């Protein structure tokens, strides 16, 4: 009998470098393939977009089960790109964030899904250096367009609201912590979380990786108690709390480790591969 019916992996800080674009290590890649070959489905639970999963992860990982993307705001098919679930921000709150960012000029990206299910990224032109731009492209994605202000994107009564908003919370001239500022201004009703030490994200009320995992389990007919999840950051906590068996990476902070059933080695020590072998492959004799 297989120990789990589903494995859910975070990306950045778990199987991908959180600060620069690198490939998934061979050890982690091979462990994922071995788990799939043993008959245990593997999927992704990430703040990144469905497009990112489809076009930037290795095709030979054979991810065929629906994935949790955009902090749980999107559940989609990684093969066809079909969006199965989409939960955007309420337009009123999206406009409030746009007005705040337009006023303060914090480096921010708004993410919209178009009619084909592809994500369109608008980023404000904040005068970043070339080095900063490379980092922002890695963290936020390459923008489809740079805009001076976000409010005009949401001005029409029938405007389609964004599926999430990310602000870059690093090196700000006024030393503000945007997590606390966003929580004070916009939560409730919005879900505000720190997804990286330099990123603060906003999603619709009640939308996070935990709610995304519950929706995915419902779609697949999987008991959440039969799910193994691995993550490293604050935004992974809801997912780890929902999963029947939660693994924190060794590079995770203490808040994440506190909700974990087991702590793996760090990403630099191939922690995800160690975890998959220890808790999935070895019990199956694979």
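Key figures
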| item | result |
| --- | --- |
| Degrees, to the nearest 10: 26-37 long Cα axis against longest axis of the chain | 70 degrees |
| Fraction of beta bridges assigned by DSSP in segment 1-115 that are antiparallel (%, nearest 5) | 55 percent |
| Least to most buried among 164, 209 (fewest other Cβ within 10 Å first) | 164, 209 |
| Relative contact order [Cα under 8 Å, 6+ residues apart], segment 91-203, whole percent | 28 percent |
| C-alpha long axis of helix 209-220 to longest principal axis of the chain, angle in ° | 60 degrees |
| Exposure proxy order (Cβ contacts within 10 Å, fewest to most) of 223, 174 | 174, 223 |
| Cα-based Kirkwood hydrodynamic radius, segment 91-203, one decimal, Å | 14.2 Å |
| Order of 140, 84 - criterion: other Cβ atoms within 10 Å of each residue's Cβ, fewest first | 84, 140 |
| Inverse of mean 1/r across different Cα pairs in segment 19-109, Kirkwood, Å | 15.3 Å |
| Segment residue 226-residue 115, extension gain: residue separation times 0.36 nm, minus the distance between their alpha carbons | 36.5 nm |
| 222 nm mean residue ellipticity, helices alone, for the chain (DSSP H n ≥ 4; -39,500 (n - 2.57); rounded to 500) | -8000 deg cm²/dmol |
| Degrees between helix 130-140 axis and first principal axis of the chain (Cα, 0 to 90, nearest 10) | 60 degrees |
| Rg to Rh, two decimals, where segment 157-257 supplies the alpha carbon set and Rh follows Kirkwood | 1.03 |
| Segment 1-49 versus segment 225-274: alpha-carbon centroid distance in Å | 12 Å |
| For the chain, share of DSSP beta bridges that run antiparallel, in % to the nearest 5 | 55 percent |
| Relative contact order of segment 187-286, pairs being alpha-carbon contacts under 8 Å that are 6 or more residues apart, as % | 18 percent |
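FYI, it's all coordinate maths here, none of it is from the lab. From a predicted model like this one, the values you see are computed outputs, not experimental measurements. Don't worry about glycine lacking a Cβ; one is built from the backbone with ideal geometry, like all the others, and counts go over all protein chains shown.
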